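First the structure, in the form of C-alpha cells, and then the observations on it.
The values are calculated or read from the model by the stated rules, or taken from the named source; none is laboratory data. This one's a predicted model, so the numbers in the text were calculated from it and none came from an experiment. Don't worry about glycine lacking a Cβ; one is built from the backbone with ideal geometry, like all the others, and counts go over all protein chains shown.
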Amino acid sequence: MWIRLFRPDASLVWRDPEVKRRLGWYRSVMLDETPAKFMIVKSIKAVDGLKELREEKLWNLHEELHEEAEELFKQYYESGVDYEKLKPVQPSYLDLKIELARRILRRCRFCEWRCGVDRLSGMRGVCKLGEKAYVASFFHHYGEEAPLIGTDKQGGSGTIFFVSCNFHCVFCQNWDISHPRGKLEDAGVEVNAKTLAAIAKKLRADGAANINYVGGEPTPNLHVIIESLRYLDVNVPILWNSNMYMSGESMNLLKDLVDIWLPDFKYWSNECARRLSNVRGRLGYREVVTRNHLIAARHGDMIIRHLVLPNHLECDTKPILKWISENLKDRVLVNIMGQYRPDHLVLENPERYRDVSRRPRSDEMHEAYSYADELGIVYRPVS
C-alpha cells in the first residue's frame, strides 16, 4: 500500500512492454519465478583442490564452468525454480570464484588502477582498504528507479552502502563514506562474508525487491561480496551499482552473479574523468567503461545512469548517448539524471571548478532529453 501511494510508478512501470522485455530476467527473479544467478552458480560442481591449482588453471576452469552456467540460465528462465536441482554442491563454481578473488587480492587488480598491492597482508591501494570491508548503512531504498522498487507486496531496493571508493569525484554527494576525512574504519562497521549475507537475507525477508551493492563503490569489496553469496540462502536478484571501472578479471567474476546492472556512465572525455574524478588508472576511463558496459549487457539486464553535468553536454552527455544508441539501444534502459548539485570540493572551491559549480539548467536537460529521443533511446520509464 505504501508503495502504491508514494511510488505508484513502481507498479505502473511494468505495464510498459519495453521495460518488461529489457528487464525480463530481473523481473522473473524479483518475483521468485526464476532462481538468481548466484543460486545456480552454487549448484555447479567444480573440482577438488582449488587452492592447490595455479591461477592460470583456475581461470581455464572458470571459462569452462561459465559455459555450463550460461546454458543453465537459459533452462531455468524457461522452466522456473526447481529447488531440488538447486542444492549447493562442494566445491562449486562459486567456490572457484571465491578462490580467484582471494588470489586477485594478493596483488590487487579488482579495478583498472591495478595497484598490485597485497591487501591480504594489510597493504592499501587507491581505495585505502586492506582485506576488511566496512558497511556505512543498509536499508530499503525507495528513491531508486521505478523497476528497482518492487511491487505492491515488496519494499524498496535492499541497498547496502560500502565505505571507500576508487574514484575521487570532486562533486561526490556521498564523500563522507567514499573518502571520509578521518579513518575509513570510523565511517562504517566491519563486516565479514557471513554478516553481509545475514544483512542481505534480512532485507529480502522484509520485502526488498533486490540486493543493491553500492557505496562509495562496491568493487574494492568484491572478495567479501562474492564469499557472502555462499551463505545467502534466499532467492533475490543481485544488483551491481557501480562506477564500472572494474578490471576484466572482476567482470569475469561478476558476469555470472549479477542479475541486473546499474552502472554509471559519467564521462566520455577522459580528460573530464581525470580532472573531476581523478581517474588515472592504466587504462582511460572511456576505454574501460565502454568495455565493461558491453560485457555486462551481454550477461544481464541493465539500467545505465548518466548524470548530466552543467556545461558538459557536448564533451560528455551527447557522445555517451550516441555510443549507447550505436551499441546498446535495443537492450538497455537509460536514466538521464538531472539531480546534479554542487557538493564536496566543488562547494568548497567553486572558482576552481567553475564549469560544474551550478545545477544543470532546464534548457540543458531539455536538450539532453531531445537528443535521446532523436537517437531512439528508451529513457522515460526510469528518468
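Please give the strands (runs of 3 or more DSSP E) falling wholly within the stretch 170-262 in which 3 or more residues are not charged (D, E, K, R).
Values: elements: 189-191, 211-214, 238-242.
Where strands (runs of 3 or more DSSP E) fall fully within the stretch 170-262 and carry at least 3 residues being not charged (D, E, K, R), they are 211-214, 238-242.
Filter the stretch 114-140 for residues that are hydroxyl-bearing (Ser, Thr, Tyr) and under 16 Å from VAL189 (Cβ atoms); which is surrounded by the most Cβ atoms within 10 Å (Cβ to Cβ)?
TYR134
Can you tell me which residue among LEU229, LEU203 is modelled with pLDDT of 95 or more, among the hydrophobic types (A, V, I, L, M, F, W, C) and out of contact with any Ser or Thr (no Cβ under 9 Å at 6 or more places or on another chain)?
Details: LEU203 fails: out of contact with any Ser or Thr (no Cβ under 9 Å at 6 or more places or on another chain).
Going through LEU229, LEU203 in turn, just one is modelled with pLDDT of 95 or more, among the hydrophobic types (A, V, I, L, M, F, W, C) and out of contact with any Ser or Thr (no Cβ under 9 Å at 6 or more places or on another chain): LEU229.
Which of the following residues is crowded, with 20+ Cβ neighbours inside 10 Å and among the basic types (Lys, Arg): LYS266, LYS318, LYS329? Write out each step before concluding.
Details: LYS318 fails: crowded, with 20+ Cβ neighbours inside 10 Å; LYS329 fails: crowded, with 20+ Cβ neighbours inside 10 Å.
Being crowded, with 20+ Cβ neighbours inside 10 Å and among the basic types (Lys, Arg) holds for just one of LYS266, LYS318, LYS329, which is LYS266.
Can you pull out every residue in the stretch 324-370 that is under 23 Å from SER277 (Cβ atoms), of a type outside the set (A, V, I, L, M, F, W, C) and in contact (Cβ under 8 Å) with a residue 60 or more places away in the chain?
Answer for the stretch 324-370, where residues must be under 23 Å from SER277 (Cβ atoms), of a type outside the set (A, V, I, L, M, F, W, C) and in contact (Cβ under 8 Å) with a residue 60 or more places away in the chain: ASN335, TYR340, ARG341, PRO342, ASP343, HIS344, TYR353.
Which one is surrounded by the fewest Cβ atoms within 10 Å (Cβ to Cβ), of the residues in the stretch 141-171 that are over 21 Å from ILE303 (Cβ atoms) and at pLDDT 95 or above?
HIS168
Would you pick out the residues in the stretch 77-103 that are assigned to a loop (DSSP other than H, G, I, E, B) and either in contact with a helix residue (DSSP H, G or I) (Cβ under 7 Å, 6 or more places away or on another chain) or surrounded by 19 or more Cβ atoms within 10 Å (Cβ to Cβ) (or both)? Show your work before the answer.
As a first pass, look at the stretch 77-103 and keep what is assigned to a loop (DSSP other than H, G, I, E, B): 80-91.
The answer is LEU86, PRO91.
Cβ-Cβ under 7 Å, sequence separation 6+ or interchain: first residue in the stretch 371-383 and more than 13 Å from GLY338 (Cα to Cα), partner of a type in the set (S, T, N, Q). Which pairs?
Taking only residues 6 or more apart or on different chains, the pairs are LEU375/SER325; GLY376/SER325; ILE377/SER325.
State whether the residues of the stretch 33-51 include one that is touching a strand residue (DSSP E or B) at 6+ places or on another chain (Cβ under 6 Å), surrounded by 16 or more Cβ atoms within 10 Å (Cβ to Cβ), touching a residue at least 40 places away in the same chain (Cβ under 8 Å) and among the hydroxyl-bearing types (Ser, Thr, Tyr).
No: zero hits.
Looking only at residues that are within 19 Å of the chain's Cα centre (by Cα) and part of a helix (DSSP H, G or I) in the stretch 106-153, which one is farthest from LEU50 (Cα to Cα)?
Residue satisfying both the conditions and the ranking: ALA146.
Could you please tell me which pairs satisfy a Cβ distance under 7 Å, a separation of 6+ or placement on different chains, a first residue in the stretch 154-180 that is within 17 Å of LEU276 (Cα to Cα), and a second residue that is in a loop (DSSP other than H, G, I, E, B) and among the β-branched types (Val, Ile, Thr)?
Matching pairs, first to second residue: ASN166/VAL126; PHE167/VAL279.
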